[in-house]
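Encoded as structure tokens, here's the structure I'll be asking about.
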Amino acid sequence: MNVLLAVKQYVAKMIEDSGPGMKVLLMDKETTSIVSMVYTQSEILQKEVYLFERIDSLNRETMKHLKAICFLRPTKENVDYLIQELRKPKYSIYFLYFSNVISKSDVKSLAEADEQEVVAEVQEFYGDYIAVNPHVFSLNILGCSQGRSWDPLQLSRTTQGLTALLLSLKKCPMIRYQVSSDMGKRLAEGVKQVITKEYELFDFRRTEVPPLLLILDRSDDSITPLLNQWTYQAMVHELLGINNNRINLSRVPGISRDLREVVLSAENDEFYANNMYLNFGEIGSNIKNLMEDFQRKKPKEQQKLESIADMKAFVENYPQFKKMSGTVSKHVTVVGELSRLVSERHLMEVSEVEQELACQNDHSTAYQNVKRLVQNPKVSELDAVRLVLLYALHYERHSSNNLPGLLMDLRNRGISEKYRKLVSAVVEYGGKRVRGSDLFSPKDAVAITKQFFKGLKGVENVYTQHQPLLQETLDQLIKGKLKENLYPYLGPSTLRDRPQDIIVFIIGGATYEEALTVYNLNRTTPGVRIVLGGTTIHNTKSFLEEVSAAGLYNRSTEHAQITARPSSRR
């Protein structure tokens, strides 16, 4: 169950099926992102694809010597663009590939438009999602709900994305969903409906234990997306932001032009592949080793190229050095910027208090620590609000709760009303009344061990006690102990055996901390394969945007002067 490989194979097959000769790849906005996650431009160039164009680009030149491979989502808009294209074809021959099921009527319209008979093939290749890691996928949807209900457009897109994922992995699953989530039930029914309607597509070879699709809701665990992270991939996303594997470094002081945007992809970057799940301390020492290795292998400036053999060796090795040099400068820049932000924003101190808020139950210490950091002008606005949010979620119904006092502290610090309003919105989104599970059950004392980072000077005593709720949910699912009254099956049949192939989907977005949880479970649980997906992959900022977009607010905190205005399947 490798989603990167599934999409990669689709793209390779499209190019292969079009035969030899020069080609143009014609895509839409979404399929451009889908392809860019699994192939670099240089890899596709090697397959005789010399031009990349958008179907909605109006000023494309006519190039009759090129074959066109069209990879598009089967939307009405794209079908209309294709009809226009086929009436006045710019290329010699067209191979049409749709990323999802296309209606018969749309195929008929395309056939009628193809008067010059330039279409050689029409196929469905179900790469209708963003493959992030081999076991992680996203739909890049930010803001999928209106209040506690689906935005109808996003429900349709999510159903399509999820059914395409199942088709690409060749799985016809049993479905379980979180009973406390209406959105979860709606999505489960939508997916089931497609499986029933397109039963011929889902007619895969039966396995002894059927695969399982588990649909969860972000509102059940609002803590995970609010925490600072300390493993490489998660930390980069939290502090710098990852958008389709791209990191914008243009705000880094003194950044060179060629490093303003860098790509972090485990497929094409060995250092990133080996370090993405390691903690910040280990990465510090690994960067040092990478630098030393590079220094040893670097061609000496004064190296004499006396013989033809010397020159040949230098030319053969040069691309390798150039690539290694790019990798070194990229990671040194990224880790250097993370280091600067950790120090500038006092993130170790902030993170320690976050971990206490997430994992321990000492109200008075937590309150004093949050108050102290909120009043510290060196702590950023975002981090001050983050701490108050965590306090509000954990101690929402505590007898000594003093949320109004902390809100007043935020106000006195001059923190914008937009941020302060988010406190009530987050409690309304993921507070105790909404959650189907207990996020803050007292943890086993032994389990709360303070892990110390080793290696990088200045990164020690940072606590990583928190485990996402997903860890416990999957653990119980794998053991066959996940309660059916909380996570019912859709339909009459249930799974008698322990599940082996599990697809988990989180409405409202997954996180890289949860991706790490799934990675570790896959590594340590023989016979179990898990894929994690979400409407998007969140960091704190995007999660707060998700909550804002839902337009929720909490009437009970109005006295603290916090109110928030509520901001296809064919």
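Percent of Cα-Cα pairs more than 48 Å apart in the chain, please. Provide the component values of the computation, followed by the final result.
On the way: 27314 of 162165 pairs.
Result: 17 percent of Cα pairs exceed 48 Å.
Which of the GluC sites (Glu not before Pro) across the stretch 81-116 are loop residues per DSSP, with 15 or fewer other Cβ within 10 Å?
Those satisfying the criteria are 115.
I've got another one for you. What fraction of the DSSP beta bridges in the chain is antiparallel, stated in percent and rounded to the nearest 5? Display every interim value, and only then the final one.
Working: 12 of 54 bridges.
Taking every DSSP beta bridge with both residues in the chain, the antiparallel ones total about 20 percent.
Now for a separate question. Can you work out the accessible area per residue across the chain, with the rest of the protein chains kept in place, probe 1.4 Å, in square angstrom?
Details: 26850 Å² over 570 residues.
Averaged over the residues of the chain, the accessible area is 47 Å².
Going from most exposed to least, what order do 217, 56, 128 have by accessible area with a 1.4 Å probe?
Working: 217 20, 56 55, 128 0 Å².
Greatest to least solvent exposure: 56, 217, 128.
Another one. What ranking, highest mean first, results for peptides 522-529, 346-353, 471-478, 163-170 when packing means the other Cβ atoms within 10 Å averaged over each residue? Intermediate results must be reported in sequence, preceding the final value.
Details: 522-529: 12.4, 346-353: 20.0, 471-478: 18.5, 163-170: 22.4.
Output ranking for 522-529, 346-353, 471-478, 163-170: 163-170, 346-353, 471-478, 522-529.
Order of 32-40, 226-234 by packing, highest average Cβ count within 10 Å first? Mind showing how you got there, number by number?
On the way: 32-40: 19.6, 226-234: 23.9.
In decreasing order of mean packing, 32-40, 226-234 become 226-234, 32-40.
Also, I was wondering about something else. Can you compute the helix-only [θ] at 222 nm over the chain? Use -39500 (n - 2.57) per DSSP H run of at least 4 residues, normalise by all residues, nearest 500 deg cm²/dmol. Can you show the working numbers first?
Values: 19 runs with 249 residues, N = 570.
Mean residue ellipticity at 222 nm (helix-derived): -14000 deg cm²/dmol.
Quote to one decimal, in nm, the extra length available between residue 207 and residue 63 on full extension: 0.36 nm per residue of separation minus the C-alpha distance between them.
Values: separation 144, 0.36 × 144 = 51.84 nm, distance 4.81 nm.
This chain segment gains 47.0 nm when fully extended.
Same structure again: For the cross-link pairs 108/197; 23/197; 47/288; 371/418; 481/541; 185/432, which exceed 26 Å when the distance is taken from alpha carbon to alpha carbon?
Working: 108/197 20 Å; 23/197 36 Å; 47/288 37 Å; 371/418 20 Å; 481/541 35 Å; 185/432 20 Å.
The pairs that break the limit, which is 26 Å between Cα atoms, are 23/197; 47/288; 481/541.
Then there is this: Which net charge results for the neighbourhood of residue 367, defined as the other residues with beta-carbon distances under 12 angstrom from its beta-carbon, given Lys and Arg at +1 and Asp and Glu at -1? All intermediate terms of the calculation are to be shown ahead of the outcome.
Working: positive: 371, 372; negative: 356, 362, 409.
Overall, the nearby charge balance is -1.
What list of ³J(HN,Hα) couplings, whole Hz, do you get for the stretch 388-397 from phi and the Karplus terms 6.51, -1.76, 1.60, once you set θ to phi - 60° and write x for glycine and proline?
5, 4, 5, 4, 4, 6, 6, 9, 3, 10
Whole-Hz ³J(HN,Hα) for each residue in the stretch 194-211, computed from phi via Karplus 6.51 cos²θ - 1.76 cosθ + 1.60 with θ = phi - 60°, x for glycine and proline: what do you get?
3J(HN,Hα) across the stretch 194-211, in whole Hz: 5, 4, 5, 5, 9, 4, 5, 5, 8, 7, 8, 4, 5, 9, 4, 10, x, x.
Summarise the accessible area of the stretch 1-93 (1.4 Å probe, protein heavy atoms) by the percent that is carbon and sulfur. Intermediate values should be presented prior to the final figure.
Details: 2300 of 4430 Å².
Summing carbon and sulfur atoms, their accessible area is 52 percent of the total for the stretch 1-93.
So what are the ³J(HN,Hα) numbers for the stretch 67-84, from phi and the Karplus equation (6.51, -1.76, 1.60; θ = phi - 60°), rounded to whole Hz, Gly and Pro as x?
8, 10, 9, 9, 10, 9, 6, x, 8, 4, 4, 5, 5, 4, 4, 5, 4, 4
Right, something else. With a 1.4 Å probe and all protein chains kept in place, how do 487, 199 rank by accessible area, largest first? Before the final figure, lay out the partial values.
On the way: 487 20, 199 145 Å².
Accessible-area ranking of 487, 199, largest first: 199, 487.
Now, a different point. Of the GluC sites (Glu not before Pro) in the stretch 151-211, which ones lie in a loop per DSSP and count no more than 11 other C-beta atoms within 10 Å? Walk me through the numbers before you get to the answer.
Working: sites: 189, 198, 200, 208; in loops: 198, 200, 208.
Qualifying residues, ordered by number: 200, 208.
Something else: Using a 1.4 angstrom probe on heavy atoms only, work out the carbon and sulfur share of the accessible area of the stretch 461-512 in %. All intermediate terms of the calculation are to be shown ahead of the outcome.
Numbers: 950 of 2390 Å².
Answer for the stretch 461-512 is 40 percent, counting heavy atoms of protein chains only.
The values are calculated or read from the model by the stated rules, or taken from the named source; none is laboratory data. Keep in mind the model is a prediction, meaning the values are calculated, not measured. With ideal geometry, Cβ positions are generated from the backbone for all residues, glycine too; neighbour counts draw on all protein chains shown. Protein only, heavy atoms only, side chains kept; ligands, DNA and RNA dropped before computing areas. Shrake-Rupley method; radii C 1.70, N 1.55, O 1.52, S 1.80 Å.
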